[in-house]
Amino acid sequence: DGGSAVLSSGINAEYGAPTIARMTQPSALLLFLLAVLPSTVFSLYFHMWETDVKCFVEEVPDETMISGKYKVELYDDKTEQFASKQGVGMHVEIKDPDKKQILSKYYQNEGQFTFTTHSPGEHYICLSPNSTRWFSGGNRLRVHLSIDVGEHANDYKQIQAKEKLSELQLRVRQLLEQVEQITKEQNYQRTREERFRYTSETTNTRVLWWAVAQTSILLLVGAWQMRHLKGFFEAKKLV
C-alpha cells in the first residue's frame, strides 16, 4: 500500500531497580536476566490510507496485560504536513491465538486500549480508520503507536499515588512484577519447547515409518519381479 514505518524500541526505565548490597547467586542471575532481556515496549509511527487495515502481532504468555496508545494525524495538502484533527477516529480490533475477538471498539483520533491475555500465543492487534471511503484511497494518515507489555503497561505514578507507596516500596513492587513476568515468559517458552519437541518427535516417527514403508514396497516389488521373470524364463524353457 506504499506505507512506510519507523520503529524504535527501548526499556521503560522511569523507575530503576533498587540497590541491593548483598546478593545471593540466584538474585544476581535474576538481575542479569532483567538487564539483558529484550524490551517489551516499542513505539513507532506508520503511514496508511483511510481504507487500510494495519495489524501487529504480539506473542505473549497468558495472564499478561497489554496496553496500547495511538495518535492519528491527517495529511494536509495545503501545508504538506501531518496534523492532528478531529473527526478521524480509529477502530481497534484484537484477537487471541484462536482468532476469537477480545476487543472491538471505535476510538477518537487519539486514545488508549488495554486488555489482558487469557491464552498464550500470538495476539493480533488491528487498526483501521473509521472512514466510509471504501472505493478510494482517501486521505493519507500518520499513526503513532506505542505498545507496552507486562509490567511496562502499568502506570506506576498512578499506583504510587493511589496506594500511597514510598519510592522504595514502589521500586520493590516493580521488581516483583518484573520477576513475575519473567516467570510467565519462562513457562511460556517451556511450553513452546515441549510443543516443538512433540512436533519434532512426531515428524521423525512419520519419516521413519515412511522409510520403512518405502523399503517394504521396494522389497515386495523386487520379489514379485524376480518371481515373474523366473516364471517367464521357465515358460520359454530358457532355464
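The figures follow:
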read-out	value
Residues satisfying the stated conditions in segment 88-101, i.e. within 15 Å of the chain's Cα centre (by Cα) and of a type in the set (V, I, T)	I94
Condition met for D155 (closer than 26 Å to Y70 by Cβ and in contact with a Ser or Thr (Cβ under 6 Å, 6 or more places away or on another chain))	no
Matching residues in segment 82-106 - criterion: being open to solvent by 40 Å² or more (accessible area, probe 1.4 Å) and closer than 25 Å to Y124 by Cα	E93, K95, P97, D98, K99, K100, Q101, I102, S104, K105, Y106
Hits in segment 101-117 - residues which are more than 13 Å from S67 (Cβ to Cβ) and either modelled with pLDDT of 90 or more or in a strand (DSSP E or B) (or both)	Q101, I102, S104, K105, Y106, Y107, E110
Among the residues listed as D1, D52, D98, D62, the single one being touching a Phe, Trp or Tyr at 6+ places or on another chain (Cβ under 9 Å), modelled with pLDDT of 85 or more and not in a strand (DSSP E or B)	D62
T191 being of a type in the set (S, T, Y) and part of a helix (DSSP H, G or I)	yes
Filter result for V57 (in contact (Cβ under 8 Å) with a residue 12 or more places away in the chain and closer than 18 Å to H118 by Cα)	yes
Total residues in segment 155-172, condition assigned to a helix (DSSP H, G or I) and either among the hydroxyl-bearing types (S, T, Y) or open to solvent by 70 Å² or more (accessible area, probe 1.4 Å) (or both)	10
Residues satisfying the stated conditions in segment 63-81, i.e. open to solvent by 40 Å² or more (accessible area, probe 1.4 Å) and either within 17 Å of H144 (Cβ to Cβ) or touching a helix residue (DSSP H, G or I) at 6+ places or on another chain (Cβ under 9 Å) (or both)	E63, M65, K69, K71, Y75, Q81
Options P18, P38: the member that is at pLDDT below 50 and open to solvent by 70 Å² or more (accessible area, probe 1.4 Å)	P38
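The values are calculated or read from the model by the stated rules, or taken from the named source; none is laboratory data. Just so it is clear, the model here is predicted, and its values are computed rather than measured. Note that each Cβ is placed from the backbone with ideal geometry, even for glycine, and that neighbours are counted across all protein chains shown. These accessible areas exclude ligands, DNA and RNA; they are computed on the full protein's heavy atoms, side chains included. Shrake-Rupley method; radii C 1.70, N 1.55, O 1.52, S 1.80 Å.
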